[in-house]
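The values are calculated or read from the model by the stated rules, or taken from the named source; none is laboratory data. Bear in mind the structure is a predicted one, so any value in this text is a computation, not a measurement. Glycine gets a Cβ as well: all are built from the backbone with ideal geometry, and neighbour counts include every protein chain shown. In case anyone asks, the SASA skips ligands and DNA or RNA and just uses the protein heavy atoms, side chains included. Shrake-Rupley method; radii C 1.70, N 1.55, O 1.52, S 1.80 Å.
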Amino acid sequence: FFFLMIRRPPRSTQSRSSAASDVYKRQEFDLLSRIRIRVLRLSFSEISKRSTIDGSTGAIAIDGYDVAIFYFRHGYVYEHYEEENAWEVRKMIEKSRAFKIPCVEYQLLNFKWFQFIIANPKELRQFVTDVSEGSRIQACFSEFWAFNSMEDAMSIRNMVTAHPGNYVLKPQKEGGGNNIFEEGIVKTIDKALKAKDISSLKQYILMKRMRSTPKLTAGLRNGKFVLFKGIAEVSFFSAFMSNDGKPPLQIDGGYLVRTKRYDAPEGGFSIGEAFSDSIVLV
């Protein structure tokens, strides 16, 4: 069988983040190859040309070998589906019996709209039935606004104009470098208002920025020791495996501490803004 890594099209233009992450892709490829797992790296268009699917079993074969796992290193934003037959290939993969990392349902959970939805107490109660626990979780959420109408857009514009530094405009994209801040928010809304095009704003949600207290922080950048005022974010890793709606297998996978300059709008590793950090209990 194959472990198939879905990549961007050959000779495509690299973004800052995708170019920076190439070293990790090569390491993943080498590691899997060393433990004797057949690994392919193909684009959507290449899969379209080389794959066949068994309609009765759902098995997808490439060059005569079944694909056991589809691992998406590409396919996280709309622009990734501009290749020929890309949407058809994604649909074929989702309907197949192969493991998908991630499956489309899990991928959609990472959209910024999910942050907006789950911040609604009624939606949160579907997943956290204990009222006290739900209230504690709710207290950790920021405030969100959606652009449902031109009236909403005008109201949000006036709110942002008064205090532009208090908000961030988030599109439905993964990774760093996509958010819009301060005067850029007003310009984006004004462009839509001028064109009377609310649909262009519905791809965004507005979030009130969360302000942490900066601390004197030490970091290592390009082999040099640096001191800066920083803020940290803690993320938790987890994994799950599901099958036809059955209760999923869920595994805790550790944590990650990411520290960035307090005045940096973005904080991604791959765009060179954040440091990997650790927790010290005191």
Checklist entry - Nearest 10 degrees, 0 to 90: what angle lies between the long axis of helix 22-34 and the longest principal axis of the chain (Cα atoms)? => result 30
Checklist entry - At a probe size of 1.4 Å, how large is the accessible area of Lys260, to the nearest 10 Å²? => result 30
Checklist outcome for this item: Restricting to Cα pairs under 8 Å and 6 or more apart, the percent relative contact order of the chain works out to 14
Item to check | Under 13 Å from the Cα of Lys208 - aspartates and glutamates, other chains or at least 8 residues apart | outcome: Glu143, Glu182
Next on the checklist: Tell me which chymotrypsin sites (Phe, Trp or Tyr not before Pro) from the range 100-179 have a DSSP coil assignment and no more than 12 other beta carbons within 10 Å of their own.
Outcome noted: Phe127
Checklist outcome for this item: Note to self: with every protein chain in place and a 1.4 Å probe, the chain gives an accessible area per residue in Å² of 64
Next on the checklist: Please give me the summed charge of the neighbours of Ser276: other residues whose Cβ is under 15 Å from its Cβ, Lys and Arg +1, Asp and Glu -1.
Outcome noted: +1
Next on the checklist: For a Förster distance of 35 Å, can you work out the FRET efficiency between the beta-carbons of Phe181 and Ala239, rounded to the nearest 0.05?
Outcome noted: 0.60
Item to check | His163 versus Val77: modelled label distance in nm, points set 7 Å from Cα along the beta carbon direction | outcome: 3.0
Checklist entry - Relative contact order (percent) for the range 133-276, with alpha-carbon contacts under 8 angstrom and 6 or more residues of separation? => result 20
Item to check | Neighbourhood charge, 14 Å Cβ-Cβ cut-off, centred on Ile198 and excluding it, Lys, Arg +1 and Asp, Glu -1 | outcome: +1
Next on the checklist: Please report the accessible area of Met210 (heavy atoms, 1.4 Å probe, ligands and nucleic acids excluded) in Å², nearest 10.
Outcome noted: 120
Next on the checklist: Give me the one-decimal nm value for the distance between modelled label points at Tyr65 and Glu133, 7 Å along each residue's Cα-to-Cβ direction.
Outcome noted: 4.4
Checklist entry - How much net charge surrounds Trp145 when only other residues with a Cβ under 15 Å from its Cβ are counted (Lys, Arg +1; Asp, Glu -1)? => result +3
Checklist entry - Looking at (i) 79, 52, 36; (ii) 93, 42, 31; (iii) 62, 51, 47, which value of Cα extents along the principal axes in Å comes from a calculation on the structure shown? => result (iii)
Next on the checklist: Less than 17 Å apart at the alpha-carbon level, and either on another chain or at least 8 residues along: which aspartates and glutamates does that give for Lys187?
Outcome noted: Glu151, Asp152, Asp197
Checklist entry - What angle do you read, to the nearest 10 degrees and between 0 and 90, between the alpha-carbon axis of helix 183-195 and the longest principal axis of the chain? => result 80
